[in-house]
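The values are calculated or read from the model by the stated rules, or taken from the named source; none is laboratory data. Not measured: the values here are computed from a predicted model. With ideal geometry, Cβ positions are generated from the backbone for all residues, glycine too; neighbour counts draw on all protein chains shown.
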Amino acid sequence: MTRRLGLAAGLLVAAVTLALPAVLDDSALAVYILLGLAAMVTVGVSLLMGYAGQVSLGQGAFYAIGAYTAALLALNGAPPLLGLVAAPVAAALSALLIGVPLLRLRGHHLAFATLAMQLILLSLAGQLDFTGGDIGLQGIPQFSVGAFEASSASVYAYLTWAGLALVMLITHNVITSRPGRALRALATSEIAAASAGIPVGRYKLVVFALSATFAGLAGGIYCFYTGYVAPGSFPVLISIQYIVMAVVGGLGTIWGAVAGAAAITLLVQGLDRLASLPGMPSYAPSVLSYAVYALVLIVVVLFMPHGLVPAVSRRLSRRRAEVPYR
Amino acid sequence: MIDVQDLVVSYGTATALEHVTLTVGKGEMVALLGPNGAGKSTLANTLAGLIRPASGTVRVGGRLALIPEGRQLFPDLTVADNLALGGWRSGQRDPSPVYELLPRLAELASRRAGVLSGGEQQMVAFGRAMMSRPDALVVDELSLGLAPAVTADLAAHLAELNRTQGLTVLLIEQNARLAFELCRRAYVLESGRVVTGGDSAELAGDPRVASAYLGGAIT
Amino acid sequence: MSAFLTYLLNGLAVGSAIALIASGLVVIHRVTGVVNFAQGTFAVVAGLCTSSLLGLGVPHGVSEVAAVLAAALAGLLTGLAAVGRPGTSPLSSLIVTLGVGVLAYAVEIVLWGDQPRSAPGLAGSVTLAGARIQTQHLLVIGVAAAAFALLALFFGRTYLGKALTACASNPYAARVVGIDVRRMGLLAFALGGLLGGIAGVLVTPLRPISFDTDVTLIVNGFAAAVFGALTRPVVTLAGALLLGVAETMAAGYGYGAHQLEVALGLMLVVMIVQAGRRPAISQESA
């Protein structure tokens with residue numbers, strides 16, 4: 001019964017997802033694309049926090065690595081498709097490289113280390129010549145495959161949501177695999193997991209690299225869509241934003257991550273519209289988005305530690321079935 | 001002095017104490033026996049107000065101090081500081097009355113608590129509890145991990161305080177010999193329930209109690 | 001040579017400011033086990049407050065003290081959010097303090113705008129053994145030294161300070177003797193706010209502060225605190241001074257652009273070396 005319902009819901013979501021790019025105008029499409037990209041990164045963050053029990057305050061760094069990789073390749077004459085493939089690969093390789101020393105850290109140490117990683121990366125990107133310094137890289141060609149060129153926003157929307165579907169599929173397979181179930185133990189206690197014979201270090205590294213891969217792919221699509229990348233596109237706040245989305249959606253849940261990304265993106269967009277109404281002070285958009293991120297994060301962590309989406313769905317299902325879990 | 005009626009304590013879904021009823025009269029010394037995991041420390045923590053009961057009542061007439069299982073000192077602080085902090089509730093910060101009671105502590109005053117021997121640590125825990133000028137004392141596992149001579153020394157101090165100052169004592173012990181020797185009355189707690197209780201001499205004669213707590217008991 | 005001495009003294013001043021931020025982190029972490037991401041925010045709040053109060057014509061001294069008290073209040077409020085609710089895990093508390101830091105952005109922009117602000121400090125400079133040093137730099141060093149001495153006295157000699165140490169040493173035992181651990185945690189947060197506030201008030205005349213300066217401040221403070229494993233104030237002080245001198249030297253000898261990388265790289269190396277030495281168990285329980 002629930003299974004059939006889930007399938008129906010899934011098909012409905014898929015249909016709406018596919019239909020939306022055809023009916024949305026360009027400004028709405030921009031939101032739609034950014035939402036999809038954010039969801040892609042958030043699925044990885046949620047996997048990392050929910051399954052490996054690790055907080056990364058530097059997920060924006062992998063997003064940036066993906067974007068810069070794709071942009072540099074495309075600007076140097078490589079086919080855009082190669083750039084798009086190289087983006088997640090470069091992010092994954094960097095994660096493997098950085099992860100070996102970094103993942104010996106835990107808890108707040110890892111949080112600060114990943115934050116430091118992003119700050120160092122941004123600072124370097126702002127100073128090096130080949131990354132274009134603070135101005136960044138501009139004039140990135142449109143995404144194309146052979147003779148087909150992605151000239152309209154709707155193509156990027158399809159590309160984004162295809163990427164997101166791929167990310168969700170991979171994550172689903174990882175979670176339901178045997179190692180995935182072992183991973184769940186990791187989040188609660190590393191010592192218990194290690195004593196149960198789980199190769200803790202290797203699994204953590206794999207999840208870290210996987211989450212970086214997703215961020216890298218999102219970054220690759222982002223650079224082709226916007227046509228430029230700069231250090232300013234990847235502030236520390238963007239990493240915090242992914243944590244907010246993951247926490248709202250409920251850590252370690254795929255659909256929760258997507259729902260969290262959608263909820264926060266739409267909320268911030270809505271407030272942005274509100275803040276740009278005539279008569280509002282010029283600082284209103286940034287103030288409102290900071291306030292929303294902050295309040296949502298605090299309230300959800302303190303009062304709904306399992307996330308907003310699971311909390312709501314549990315309440316709904318309880319009302320429907322009247323049979324609590326216990 | 002200590003009056004527990006129909007006490008239920010649970011951790012999440014697991015119940016640690018089920019409908020426990022026991023009393024300790026003013027100036028009385030009563031023992032509580034039971035194996036590991038029976039809920040003895042849960043009862044101690046509930047009496048000290050550190051755990052909130054799910055139902056039932058706990059009444060304590062006067063100030064109650066706890067000597068927790070495993071001493072639980074402040075290892076980074078000196079003995080003198082440990083004692084001074086014991087007076088947090090009573091406002092008594094000068095440890096000299098406790099030094100009179102336990103002169104050995106005066107010699108140890110400036111040592112860090114974490115480096116002391118088990119017996120010395122138990123003495124600090126004892127002294128720290130006395131700093132709050134308690135009317136009742138709950139002692140959780142006085143003898144655990146201590147040499148018999150050290151235990152006997154501490155037990156003698158406890159008995160003397162009970163005799164001279166009328167200190168009410170609930171002695172939570174696995175060592176039944178010690179418990180029956182010190183206390184005229186005792187309760188037996190198993191799996192969160194009081195299974196039997198009464199006069200120490202009678203309990204010591206009960207074959208079930210004798211085989212469970214006296215037969216293989218380590219002194 | 002005199003250039004070297006100038007850089008050294010300036011570096012010590014920068015390090016002293018970092019040490020004040022870091023000491024706040026250490027005080028809060030020792031008592032509550034929480035790493036307070038909003039520690040840089042306290043300095044920003046105090047810096048912006050002084051600049052406004054001085055701008056309004058409030059005299060020196062009064063402005064600074066009021067600003068530091070505002071920071072202490074900010075610390076208390078942060079503590080209420082982070083550890084006020086029983087059962088909040090340290091990592092959840094870290095995320096809450098992160099949220100508080102972002103919330104502060106919104107409040108600060110509304111109150112002060114998003115442009116950097118400065119405040120007048122002590123004018124003039126002193127020549128020491130041929131090296132010129134700004135008077136304000138000397139003030140920073142002096143106040144930081146005094147603050148550390150007072151902290152040592154407070155924790156080592158006073159009853160309340162010992163009760164705070166007791167909470168850090170054995171929270172269960174603290175509850176056994178009747179200490180309200182939660183209230184002590186709030187006190188630690190207020191004290192952390194106070195220390196961060198002092199840093200902010202001292203630094204604002206040297207380099208302008210804006211709402212997002214907190215990231216640089218907290219990262220430097222955390223890097224210094226990491227030297228002392230987030231618990232040992234004296235090692236933290238040494239780490240902060242080392243960091244300040246290293247950064248100032250790097251800037252002085254022409255590597256100014258890489259100042260932040262020096263600090264962050266040092267922090268990463270220290271953390272990774274420490275993690276290699278400590279068993280996992282103590283970290284998980286901590």
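Do we find a residue being within 14 Å of chain A (Cβ to nearest Cβ), part of a helix (DSSP H, G or I) and either closer than 16 Å to C:Val203 by Cα or not acidic (Asp, Glu) (or both) anywhere in region C:49-69? It would help to see each step written out before you state the result.
From region C:49-69, those within 14 Å of chain A (Cβ to nearest Cβ) are none; that's our starting set.
No, region C:49-69 has no match at all.
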Wholly enclosed helices (runs of 4 or more DSSP H) of region A:1-78 bearing at least 2 residues surrounded by 20 or more Cβ atoms within 10 Å (Cβ to Cβ) and touching a residue at least 24 places away in the same chain (Cβ under 8 Å):
A:26-51, A:59-75
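Okay, residues lined up against (1) over 22 Å from C:Ile179 (Cβ atoms); (2) buried (at least 19 other Cβ atoms within 10 Å of the Cβ); (3) of a type outside the set (Asp, Glu):
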position: B:Asp3; (1), (2), (3): yes, no, no
position: B:Gly61; (1), (2), (3): yes, no, yes
position: B:Ala65; (1), (2), (3): no, yes, yes
position: B:Gly70; (1), (2), (3): no, no, yes
position: B:Pro95; (1), (2), (3): no, yes, yes
Kindly check whether there is at least one residue in region C:34-52 that is surrounded by fewer than 21 Cβ atoms within 10 Å (Cβ to Cβ) and not aromatic (Phe, Trp, Tyr).
yes
Residues that are within 14 Å of chain A (Cβ to nearest Cβ) and either free of Cβ contacts under 8 Å to residues at least 24 places away in the same chain or not in a helix (DSSP H, G or I) (or both), drawn from region C:221-240:
C:Gly228, C:Ala229, C:Leu230, C:Thr231
What single numbered condition from (1) without any contact (Cβ under 8 Å) to a residue 24 or more places away in the chain; (2) not in a helix (DSSP H, G or I) fails to hold for B:Gly70?
(1)
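Any residue in region A:184-192 that is away from chain C (no Cβ under 14 Å) and either hydrophobic (A, V, I, L, M, F, W, C) or surrounded by fewer than 21 Cβ atoms within 10 Å (Cβ to Cβ) (or both)? Can you show your working first?
First pass over region A:184-192, keeping only residues away from chain C (no Cβ under 14 Å): A:184.
With either hydrophobic (A, V, I, L, M, F, W, C) or surrounded by fewer than 21 Cβ atoms within 10 Å (Cβ to Cβ) (or both) added as a condition, the list becomes A:184.
For region A:184-192, residues away from chain C (no Cβ under 14 Å) and either hydrophobic (A, V, I, L, M, F, W, C) or surrounded by fewer than 21 Cβ atoms within 10 Å (Cβ to Cβ) (or both): present.
Residues are listed down the side, and each one gets a yes or a no for (1) surrounded by 21 or more Cβ atoms within 10 Å (Cβ to Cβ); (2) modelled with pLDDT under 90; (3) in a helix (DSSP H, G or I):
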{"site": "A:Ser94", "(1), (2), (3)": "no, no, yes"}
{"site": "A:Gly126", "(1), (2), (3)": "no, yes, yes"}
{"site": "A:Pro141", "(1), (2), (3)": "no, yes, no"}
{"site": "A:Ser151", "(1), (2), (3)": "no, yes, no"}
{"site": "A:Ser154", "(1), (2), (3)": "no, yes, yes"}
{"site": "A:Thr160", "(1), (2), (3)": "yes, no, yes"}
{"site": "A:Ile175", "(1), (2), (3)": "no, yes, yes"}
Just give me the residues in region A:256-299 being touching a Gly at 6+ places or on another chain (Cβ under 9 Å) and within 10 Å of chain C (Cβ to nearest Cβ), in sequence order.
A:Tyr283, A:Tyr293, A:Ala294, A:Leu295, A:Val296, A:Leu297, A:Ile298, A:Val299
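Here is a yes/no grid of residues against (1) closer than 30 Å to C:Ala106 by Cα; (2) among the basic types (Lys, Arg):
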site	(1), (2)
C:Ala168	no, no
C:Ala173	no, no
C:Val176	no, no
C:Asp180	no, no
C:Arg183	yes, yes
C:Ala190	yes, no
C:Ala199	yes, no
C:Pro208	yes, no
Filtering region C:101-133 for residues that are more than 14 Å from chain A (Cβ to nearest Cβ) and touching a Leu at 6+ places or on another chain (Cβ under 8 Å) leaves a count of 11
Filter region A:300-326 down to the residues that are at pLDDT below 80 and within 14 Å of another protein chain (Cβ to nearest Cβ), then identify the one that is surrounded by the fewest Cβ atoms within 10 Å (Cβ to Cβ).
A:Arg326
If A:Leu97 satisfies all but one of (1) within 14 Å of another protein chain (Cβ to nearest Cβ); (2) touching a residue at least 12 places away in the same chain (Cβ under 8 Å), what's the number of the condition it fails?
(2)
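Consider region B:1-48. How many of its residues are charged (D, E, K, R) and closer than 24 Å to B:Arg208 by Cβ?
At the first step, the residues of region B:1-48 found to be charged (D, E, K, R) are B:3, B:6, B:18, B:26, B:28, B:40.
Checking the rest, the ones that are also closer than 24 Å to B:Arg208 by Cβ come to B:18, B:40.
Result for region B:1-48: 2.
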Name the single residue that is nearest to the other protein chains (Cβ to nearest Cβ) among those in region C:70-93 being within 15 Å of A:Val296 (Cα to Cα) and either touching a Phe, Trp or Tyr at 6+ places or on another chain (Cβ under 9 Å) or surrounded by 20 or more Cβ atoms within 10 Å (Cβ to Cβ) (or both).
C:Ala81
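Can you tell me how many residues within region A:255-276 are among the polar types (S, T, N, Q) and surrounded by 17 or more Cβ atoms within 10 Å (Cβ to Cβ)? Even if it seems obvious, please write down each step before you answer.
Within region A:255-276, the subset among the polar types (S, T, N, Q) is A:265, A:269, A:276.
Remaining after also requiring surrounded by 17 or more Cβ atoms within 10 Å (Cβ to Cβ): A:265, A:269.
Going through region A:255-276 one residue at a time, the tally reaches 2.
Look through A:Leu217, A:Leu166, A:Leu251 and report the one residue that is away from chain C (no Cβ under 14 Å) and either among the basic types (Lys, Arg) or touching a helix residue (DSSP H, G or I) at 6+ places or on another chain (Cβ under 6 Å) (or both). If you could, list the steps in order and put the result at the bottom.
Numbers: A:Leu166 fails: either among the basic types (Lys, Arg) or touching a helix residue (DSSP H, G or I) at 6+ places or on another chain (Cβ under 6 Å) (or both); A:Leu251 fails: away from chain C (no Cβ under 14 Å).
None of the others qualify; the one that does is A:Leu217.
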Of the numbered conditions (1) in contact with a Ser or Thr (Cβ under 9 Å, 6 or more places away or on another chain); (2) more than 13 Å from every other protein chain (Cβ to nearest Cβ); (3) not hydroxyl-bearing (Ser, Thr, Tyr), A:Val145 satisfies every one except a single condition; which is it?
(1)
Kindly indicate whether B:Leu137 is touching a strand residue (DSSP E or B) at 6+ places or on another chain (Cβ under 9 Å) and surrounded by 22 or more Cβ atoms within 10 Å (Cβ to Cβ).
yes
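Quick one: which residue in C:Ala166, C:Ala188 is within 24 Å of B:Gly86 (Cα to Cα), within 14 Å of chain B (Cβ to nearest Cβ) and either among the polar types (S, T, N, Q) or surrounded by 16 or more Cβ atoms within 10 Å (Cβ to Cβ) (or both)? Lay out the reasoning, then the answer.
Numbers: C:Ala188 fails: within 14 Å of chain B (Cβ to nearest Cβ).
Result of the check over C:Ala166, C:Ala188: C:Ala166.
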Please go through (1) in contact with a Pro (Cβ under 9 Å, 6 or more places away or on another chain); (2) over 15 Å from A:Pro141 (Cβ atoms); (3) modelled with pLDDT under 90 for A:Pro80 and return the number of the only condition it doesn't satisfy.
(2)
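Can you confirm whether B:Gly27 is of a type outside the set (A, V, I, L, M, F, W, C) and buried (at least 22 other Cβ atoms within 10 Å of the Cβ)? I'd like the intermediate steps shown before the answer.
Details: of a type outside the set (A, V, I, L, M, F, W, C): yes; buried (at least 22 other Cβ atoms within 10 Å of the Cβ): no.
No.
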Just to be sure, is C:Leu187 within 11 Å of the chain's Cα centre (by Cα) and under 24 Å from C:Leu69 (Cα atoms)?
no
Tally the residues that are touching a residue at least 12 places away in the same chain (Cβ under 8 Å), of a type in the set (A, V, I, L, M), closer than 18 Å to C:Leu260 by Cα and more than 9 Å from every other protein chain (Cβ to nearest Cβ), restricting the search to region A:100-142.
3
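Among the residues of region B:15-41 satisfying the criterion of being closer than 30 Å to B:Thr164 by Cα and aliphatic (A, V, I, L, M), which is farthest from the chain's Cα centre (by Cα)? Spell out how you get there, then give the answer.
We begin by selecting, within region B:15-41, every residue closer than 30 Å to B:Thr164 by Cα; these are B:21-34, B:40-41.
Pick out the ones that are also aliphatic (A, V, I, L, M) and you get B:22, B:24, B:29-33.
Numbers: B:Leu22: 15, B:Val24: 13, B:Met29: 11, B:Val30: 10, B:Ala31: 9, B:Leu32: 9, B:Leu33: 11 Å.
Checked region B:15-41; the qualifying residue farthest from the chain's Cα centre (by Cα) is B:Leu22.
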Expected single match for under 17 Å from B:Arg71 (Cβ atoms) and within 14 Å of chain C (Cβ to nearest Cβ) among B:Leu85, B:Leu142 is B:Leu85
